[in-house]
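Pasting in a structure now, in structure tokens, and then I'll have a few things to ask.
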Amino acid sequence: MLIGLFALGRFFLALAGMDIGTIFGGMGSSREMMISSLTEPSALLVLFVLAMAASSTNVSEIIRYLITNKLVFSPSFTFAFFAFVMITLAETGRIPIDNPATHLELTMTHEAMILEYTGRYLALIEWASQLKLMLYFVLISNLFFPWGMATNLSLTNLASGFLIIIVKLAIGGTLLIAIETGLAKMRLFRAPYFLGIAFVLCLLAILSQVILGAG
């Protein structure tokens with residue numbers, strides 16, 4: 001369901017890119033679908049690793065299990081974390097997969113789909129893109145670093161949990177700046193190699209989880 005909701009948003013964005021009727025919109029939509037076909041299986045495997053550990057596919061149950069058992073630094077979770085970071089960079093169109101600030105015909109993916117949009121439509125699309133980035137950061141923070149989350153509905157816990165997630169998002173934004181400053185955008189046809197590494201990390205995470213679970 002979680003991955004499907006993200007895929008549904010991408011589906012309508014690709015339709016919006018093709019609805020323009022220009023070559024850039026179709027090119028960007030095609031590239032977006034190619035990248036999504038490589039990221040979604042890996043994202044599913046990451047969630048499978050967490051679900052195997054918690055014996056539940058409910059995200060809240062997974063987080064509750066992680067808070068209780070503190071298994072964030074196990075090998076399987078470490079592999080899954082790095083894989084999910086790579087998936088986040090690809091899913092949100094960040095460097096090294098895409099550059100949200102470029103308008104070069106041969107390199108743009110997300111920008112190609114929205115090149116002809118202006119005004120309130122462009123504002124809504126950009127707002128949705130930023131919300132997607134925030135949601136991925138929240139997932140990383142809560143699934144792999146669940147410390148400080150509110151465990152009940154008391155005002156004190158909710159306030160402290162809100163402040164902690166703001167701090168986590170600020171740290172995530174700072175790390176994103178460091179990644180984008182230290183890396184250059186790779187060629188489009190090298191993206192499968194980058195995402196292939198994420199897929200291999202997911203497989204290693206599942207293997208580690210099975211071995212540790214069996215032990």
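The values are calculated or read from the model by the stated rules, or taken from the named source; none is laboratory data. As the structure is a computational prediction, the values presented were derived from the model and not from experiment. Glycine also receives a Cβ, built like all others from the backbone with ideal geometry; neighbour counts cover every protein chain displayed. Ligands, DNA and RNA are stripped out before the accessible areas are found, and what is left, the full protein with its side chains, is counted by its heavy atoms. Shrake-Rupley method; radii C 1.70, N 1.55, O 1.52, S 1.80 Å.
Does the stretch 91-99 contain at least one residue that is at pLDDT 90 or above and outside any loop (DSSP other than H, G, I, E, B)?
Yes - at least one qualifying residue is present in the stretch 91-99.
Could you tell me which of the residues Met149, Met186 is in contact (Cβ under 8 Å) with a residue 12 or more places away in the chain, open to solvent by 50 Å² or more (accessible area, probe 1.4 Å), assigned to a loop (DSSP other than H, G, I, E, B) and not β-branched (Val, Ile, Thr)?
Numbers: Met186 fails: open to solvent by 50 Å² or more (accessible area, probe 1.4 Å).
None of the others qualify; the one that does is Met149.
Scan the stretch 42-52 for residues that are in contact with a helix residue (DSSP H, G or I) (Cβ under 6 Å, 6 or more places away or on another chain), open to solvent by less than 20 Å² (accessible area, probe 1.4 Å) and either farther than 30 Å from Met108 by Cβ or without any contact (Cβ under 8 Å) to a residue 60 or more places away in the chain (or both) and jot them down. Steps first, answer last, please.
As a first pass, look at the stretch 42-52 and keep what is in contact with a helix residue (DSSP H, G or I) (Cβ under 6 Å, 6 or more places away or on another chain): 42-46, 49-50, 52.
Checking the rest, the ones that are also open to solvent by less than 20 Å² (accessible area, probe 1.4 Å) come to 42-43, 46, 49-50.
Passing the criteria: Ala43, Val49, Leu50.
Any residue at all in the stretch 48-55 that is among the β-branched types (Val, Ile, Thr) and more than 19 Å from Val210 (Cβ to Cβ)? Can you show your working first?
Pass one, the stretch 48-55, residues among the β-branched types (Val, Ile, Thr): 49.
Filter once more, keeping what is more than 19 Å from Val210 (Cβ to Cβ): none.
For the stretch 48-55, residues among the β-branched types (Val, Ile, Thr) and more than 19 Å from Val210 (Cβ to Cβ): absent.
Can you say whether Thr39 is closer than 22 Å to Val200 by Cβ, of a type in the set (Val, Ile, Thr), touching an Asp or Glu at 6+ places or on another chain (Cβ under 6 Å) and surrounded by 14 or more Cβ atoms within 10 Å (Cβ to Cβ), as far as the supplied structure shows? Write out each step before concluding.
Numbers: closer than 22 Å to Val200 by Cβ: yes; of a type in the set (Val, Ile, Thr): yes; touching an Asp or Glu at 6+ places or on another chain (Cβ under 6 Å): yes; surrounded by 14 or more Cβ atoms within 10 Å (Cβ to Cβ): yes.
In short, yes.
Sticking with this structure for a sec: Please go through the stretch 96-135 and pick out each residue that is loosely packed, with under 13 Cβ neighbours inside 10 Å and either in contact with a Pro (Cβ under 7 Å, 6 or more places away or on another chain) or of a type in the set (Phe, Trp, Tyr) (or both).
Tyr121, Trp127
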